[in-house]
Protein chains: 2
Amino acid sequence: MRVEHLGTADTPGEFVSRAVELLELSFGGIAGDRHFGLTMEAGVRQKHVPRGTVLRNTRQLSLVSLEELGDLARALALPRLDYRWLGANVCVSDVDDFTALPASTRLVFDSGAIVVVDSDNRPCTKAGRAIVAAAQAPESLAQDFVTASRHRRGLVGWVEREGLIRVGDRVTVVRRQA
Amino acid sequence: MRVEHLGTADTPGEFVSRAVELLELSFGGIAGDRHFGLTMEAGVRQKHVPRGTVLRNTRQLSLVSLEELGDLARALALPRLDYRWLGANVCVSDVDDFTALPASTRLVFDSGAIVVVDSDNRPCTKAGRAIVAAAQAPESLAQDFVTASRHRRGLVGWVEREGLIRVGDRVTVVRRQA
């Protein structure tokens, strides 16, 4: 697995991310990014607690794969799907079924920085609407995206070990030992 | 699932935990306990990094079940096995195959406090030696414990939501959605 692109969602009020060459990962995630923090407030995805509950942040980074973005673009009949439109921080390549990596899988980058997989990223219409705007696609695509991107929307995770990550990094996958 | 016993390992130099009626869980774990901290240093169990590497702490609490402790006592021909000898913080009852609960499972206590399962607790001779001392068993039991307790040594986890937990609490298991 290899890092193809990096991004940060640090523009206020903006869902799409901005391309960068490197990211500094700290225990809070990516400083300045909208998902930065040691804690987070529960949203609709955290169905086991009331909305707004303060939880330890397990959704610091959004990660997607080039292969799944390609599949998804074809399923939606789009010429391409840009990782930034999904608000992603890391876009990797050279991996099959990236979204299927189980919770607790460790992704180790060249510097030694480690991101732990929390879960797959449940699709939402926010990303769908961002694609509609960016690709100048029909409004109906926002909902089609939710259906089409299930199991290929990528992963969310949190920083286990601090460090820099860079475009071009190799990523080693360490699966939870049985 | 129900909380039968709670304990804290807050005696310097002591592996065995001390029974308490309630524990206050914060994002660092249990204040005063030897595993307290937002971060931890990697040990022999974290094979994906050099020993001493600073990692986000995923081993704040040790949890065991009364049922598995009973099985384990029988396997080791001991009249009983006390959760404190294993340095455990939480001993639950009324659950099958507690150690088999997968990573990312949420344990929700009455107050709303939540512990997330990081992994099963890989047996070590430290607990084995503590049992030898406490149960006045032969030295060889320390090694027998490592073998016998595989898959019934309980779990380690970290605090996702802060709150009090008490002996007698009901525990709701929220499995990671597929």
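The values are calculated or read from the model by the stated rules, or taken from the named source; none is laboratory data. Every value quoted in this text rests on a predicted model; they were computed, and no experiment measured them. Positions of Cβ are backbone-derived with ideal geometry, glycine not excepted, and every protein chain shown enters the neighbour counts.
With respect to the conditions (1) touching a residue at least 24 places away in the same chain (Cβ under 8 Å); (2) touching a strand residue (DSSP E or B) at 6+ places or on another chain (Cβ under 6 Å), A:V54 falls short on a single one, namely (1).
Scanning region A:144-168 for residues that are over 17 Å from the mean Cα position of the chain (by Cα) and either within 12 Å of chain B (Cβ to nearest Cβ) or of a type in the set (D, E) (or both) turns up A:D144, A:R161, A:E162, A:G163.
Consider region A:54-89. How many of its residues are more than 11 Å from the chain's Cα centre (by Cα) and closer than 16 Å to A:I30 by Cα? Looking only at that region, the number is 3. Answer yes if at least one residue in region B:59-68 is surrounded by fewer than 22 Cβ atoms within 10 Å (Cβ to Cβ), in contact (Cβ under 8 Å) with a residue 24 or more places away in the chain and closer than 25 Å to A:E160 by Cβ, and no otherwise. Yes - at least one qualifying residue is present in region B:59-68. Within region B:1-47, the residues that satisfy the criterion of being touching a residue at least 60 places away in the same chain (Cβ under 8 Å), under 26 Å from A:T39 (Cα atoms) and of a type in the set (S, T, Y) are B:T8, B:S26.
Could we say that B:S104 is within 12 Å of chain A (Cβ to nearest Cβ) and part of a strand (DSSP E or B) here? Answer is no for this residue.
Filtering region B:42-93 down to residues that are among the hydroxyl-bearing types (S, T, Y) and out of contact with any His (no Cβ under 7 Å at 6 or more places or on another chain), which residue is nearest to A:V159 (Cα to Cα)?
B:T58
Return yes when A:G37 is of a type in the set (G, A, S) and under 28 Å from B:F27 (Cα atoms) and no when it is not. Yes: the conditions hold for A:G37.
One line per residue, one yes/no per condition, for (1) at pLDDT 95 or above; (2) among the aliphatic types (A, V, I, L, M):
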| residue | (1), (2) |
| --- | --- |
| B:A77 | no, yes |
| B:A113 | yes, yes |
| B:Q143 | no, no |
| B:G154 | yes, no |
| B:V159 | yes, yes |
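Kindly check whether there is at least one residue in region B:119-134 that is away from chain A (no Cβ under 12 Å), on the phi > 0 side of the Ramachandran plot and not basic (K, R). Break it down stepwise before answering.
Applying the first criterion (away from chain A (no Cβ under 12 Å)) to region B:119-134 yields B:121, B:123-134.
Cutting the leftovers down to on the phi > 0 side of the Ramachandran plot gives us none.
Looking for residues that are away from chain A (no Cβ under 12 Å), on the phi > 0 side of the Ramachandran plot and not basic (K, R), one finds none in region B:119-134, hence no.
In region B:36-75, the residue that is farthest from the other protein chains (Cβ to nearest Cβ) out of those that are touching a Leu at 6+ places or on another chain (Cβ under 6 Å) and within 22 Å of B:P138 (Cβ to Cβ) is B:A73.
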